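All of the numbers you see were taken from the coordinates with simple rules; none came from a lab. None of the values given here were measured: they were computed from a predicted structure. With ideal geometry, Cβ positions are generated from the backbone for all residues, glycine too; neighbour counts draw on all protein chains shown.
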Amino acid sequence: MSTTSKLGMTIAALALSVGMVFAAAGPAQPVKNIVLVHGAFADGSSWAKVIPILQAKGFNVTAVQNPLTSFADDVATTKRALALQKGPVILVGHSWAGVVITEAGVDPNVVGLVYVAAFAPDLDEAVGDLGKNYPPPPALAAPIVDTQGFMSLSTEAVVKNFAWDVPPAQARVLATTQGPISTSAFGAKVSNVAWKTKPSWYIVAKKDRAIAPDEERFFAKRMKARTTELDSSHVAMLSKPKEVSAVIIEAAAKATR
């Protein structure tokens, strides 16, 4: 056999082996799972306008029902939801749930994070301290705290500030279905920071009265997130569901395993 023939066979063998490696790895798996995590003073129904939009696009959508009894409990609940997913996941968090997804998002199935007007702490940052450099939010001017240390908002606070751009009748439903949160949760510190290793998207609510919009911009800039700004209240997923869904769909399209 000539040297040229031997060289040709060697190249062919190498090409075959490389092809087998790529075949074994397979193409990138499309993201079809969306896990939505609600914040304080809310429950899973706060995603009610986003869910049908995502389902119509063929996504498998799960809305976590956080107990809001502690940071650890909310993370554990979110992790249980993630464990039920088959394939890669986009993990979405609103408000307080930004803390939850920052911790739980290190799950290997999570390929992207979407923060909706949400806290995004780093290590050693307590949630209760994050807003001290910004004006006090009107929505939290007079919270209701019961004898067991659980905080909720009055119907007036929800209608006028928390969800001011949602029709009043809907805002009153939101107030009625809200989940009170344990005040102890605001002292929580994350032990994992998923946004440092996972691609992230951030939705800034430009007219937020529960978290200062500039604080949200700070979070988005620090995590180098792909950022969208919406003219909305704190509950952008209720007042701007199409726009919020579009960001989630974009994350699913661009995030790869």
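Brief remarks on what is shown
- Helical content of the chain, expressed as a calculated mean residue ellipticity at 222 nm, amounts to -10500 deg cm²/dmol (DSSP H runs of 4 or more residues, -39,500 (n - 2.57) each, divided by residue number, nearest 500).
- Near ALA63, the amide H atoms lying under 5 Å from its own belong to LEU36; only residues 5 or more places off or on other chains count, and H is placed 1.01 Å from N.
- Distant-in-sequence amide H partners of VAL110 (H built 1.01 Å from N, under 5 Å): VAL89
- Gain in span if fully extended, THR155 to THR176, counting 0.36 nm per residue against the direct Cα distance: 6.8 nm
- From phi via Karplus (6.51, -1.76, 1.60), per-residue ³J(HN,Hα) for the stretch 129-134 in Hz, x at Gly/Pro: 9, 5, x, 5, 8, 10
- Relative to the current alpha-carbon distance between ASP231 and ASP214, full extension at 0.36 nm per residue lengthens the span by 4.8 nm.
- Among 207-214, 131-138, 36-43, the order from most to least packed when residues are scored by Cβ within 10 Å on average: 36-43, 207-214, 131-138
- Among beta bridges that DSSP assigns inside the chain, antiparallel share in %, nearest 5: 15 percent
- Long-range amide H partners of GLY179 with built H, under 5 Å: PHE41, ALA42, ASP43
- LYS254 versus THR197: modelled label distance in nm, points set 7 Å from Cα along the beta carbon direction: 2.2 nm
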